[in-house]
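Novice: Okay, here's the structure, questions in a sec.
The values are calculated or read from the model by the stated rules, or taken from the named source; none is laboratory data. Note that the structure is predicted; figures quoted are calculated from it, not measured. Backbone-built Cβ (ideal geometry, glycine too); neighbour counts: all protein chains shown.
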Amino acid sequence: TRMTFLLVGQLSQPVLHVDWSDLDTFKGLFLIRASLATQGRSLTLYEQVHCLKTKEKPETHRVFMNNLKSMRPEACKPIIVTDAGFKTPWFKLIERLGWDYVGRCRSNTHCLKSGTDTWLPIKRLYGLATSNAKNLGKYLLAKSVGHSTRLVVYWRKAKGRKDKTVSGDRERKSSQSRSCAEREKEPWLLATSLTQAARNAKQVTTIYGTRMQIKESFRDLKSGLNMNHSGTRNQKRFKVLLL
């Protein structure tokens, strides 16, 4: 708690990444982590280990974020950055905390443009993406929730990566690898609570672009620290290993 206070204490609106990662090859234990965006790898502020039963549950997220909130100065109002695995209820949670968010929208979510009456799949908005970040204005997200948010769309230039496995095979075997490859081909459609006056569209995409830092830190955890080879399925044991 003291370290978190020191890291963010001088920042009025730090960018924090929150994400989940599996911890073992058995897909039985998972880590949720909050980290501070920096110039290199993100700096871990707080993390919890969970089993499949509590992974990605609303109550898990609520407790995690309330604990994180208790660790920072009252004047610190962070921007929380997440990928498409965090849905509309997550955005509502962040707003209840009095913070801001930038999160990616994908999958089967529907949206409604402010001032219209027709719900559309969010993928319909992909066609508006260009290499210049574009502010799309206010939308309602998810028919069942109707959460009001600002949307920004951006077509990021491809990095030229080939659809290959680590061993060099052209064809990817796993559905997860296929899904990741498909995701990287899609434009960024970002939901944010930040107003146009606070951050323009380009600044919003720059904030989201820092999210790769937490992915790199997860790779360090699994490969550099050999967490994938720990051999344990015990949740308490994993908590000790992460210290």
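Novice: Across region 85-136, which residue is surrounded by the fewest Cβ atoms within 10 Å (Cβ to Cβ) among those that are on the phi > 0 side of the Ramachandran plot and under 21 Å from the mean Cα position of the chain (by Cα)?
Specialist: Here the answer is G98.
Novice: I've got another one for you. With the structure loaded, tell me whether A34 is part of a loop (DSSP other than H, G, I, E, B), farther than 25 Å from Y139 by Cα and among the aliphatic types (A, V, I, L, M) or whether it fails that test.
Specialist: no
Novice: Pull up region 69-106, narrow it to residues that are in contact with a strand residue (DSSP E or B) (Cβ under 9 Å, 6 or more places away or on another chain) and among the polar types (S, T, N, Q), then point me to the one that is nearest to L136 (Cα to Cα).
Specialist: Of everything passing the filter in region 69-106, T88 is nearest to L136 (Cα to Cα).
Novice: What helices (runs of 4 or more DSSP H) lie completely within region 183-243 and have 2 or more residues being modelled with pLDDT under 95?
Specialist: The qualifying helices (runs of 4 or more DSSP H) are 212-219, 235-241.
Novice: Would you please list the contacts, defined by Cβ atoms under 6 Å and residues six or more apart or on different chains, that run from a residue in region 41-65 that is of a type in the set (D, E, K, R) to a residue that is surrounded by fewer than 17 Cβ atoms within 10 Å (Cβ to Cβ)?
Specialist: R41/E216
Novice: Which of the following residues is in contact with a strand residue (DSSP E or B) (Cβ under 9 Å, 6 or more places away or on another chain) and modelled with pLDDT under 95: T4, T60?
Specialist: Just one listed residue meets the conditions, T4.
Novice: For residues in region 56-84 being of a type in the set (D, E, K, R) and surrounded by fewer than 17 Cβ atoms within 10 Å (Cβ to Cβ), which is farthest from T206 (Cα to Cα)?
Specialist: Here the answer is E59.
Novice: Can you name the residue in region 137-159 that is charged (D, E, K, R) and assigned to a strand (DSSP E or B) and, of all such residues, is surrounded by the fewest Cβ atoms within 10 Å (Cβ to Cβ)?
Specialist: My answer is K138.
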